[in-house]
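Accompanying notes for the structure given below.
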Amino acid sequence: GEETLRSPVVAELTELSGATAVAREVLGNHRFAANVFGFLREATHREVQFTNFHFLGTGPGVELSGVAATFRTVAEQVSILESRPEVRSVTFGGLAAGPQGRVNFSVSIALNPALFSRRTVEAVQPLP
């Protein structure tokens, strides 16, 4: 009777609930990713070009490979990142002379997840 009618409805509601949770997670991850890219656009030195990017699997953060005009530019880029409230820690390495006197480097940035749960990253003043 009534129990057999409820069973398919309960199963459908359970499935819908699971789908809603997955959609919420995907949208949350999209918001995080969009905010990370906005943050990087704002926090990248004008003489730095990031050439490789991936999200860290160990928590909210990114690993980047980049090319800078000089070793000093790399140091300035690290300083810019360390000064940002969105950043918990910065680890850099892989310093190597590249073509045309440029400097190759890598950087791992652990991000503060609370700051990226907002819809957008606040606008900041342009970098020097």
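Filter the range 53-71 down to the residues that are in contact with a strand residue (DSSP E or B) (Cβ under 9 Å, 6 or more places away or on another chain) and either of a type in the set (Val, Ile, Thr) or exposed (fewer than 13 other Cβ atoms within 10 Å of the Cβ) (or both), then identify the one that is farthest from Ser108 (Cα to Cα).
Thr70
Considering the range 44-64, and only residues there that are out of contact with any Asp or Glu (no Cβ under 9 Å at 6 or more places or on another chain) and assigned to a strand (DSSP E or B), the residue that is farthest from Val103 (Cα to Cα) turns out to be Gly61. Residues considered: Pro85, Pro128. Of these, the only one that is open to solvent by 70 Å² or more (accessible area, probe 1.4 Å), at pLDDT 85 or above and either in contact with a Pro (Cβ under 7 Å, 6 or more places away or on another chain) or in a loop (DSSP other than H, G, I, E, B) (or both) is Pro85.
The values are calculated or read from the model by the stated rules, or taken from the named source; none is laboratory data. On a predicted model such as this, the values are computed, not experimentally measured, just so you know. We place every Cβ from the backbone using ideal geometry, glycine too, and count neighbours over all the protein chains shown. With ligands, DNA and RNA removed, areas are computed over all heavy atoms of the protein, side chains included. Shrake-Rupley method; radii C 1.70, N 1.55, O 1.52, S 1.80 Å.
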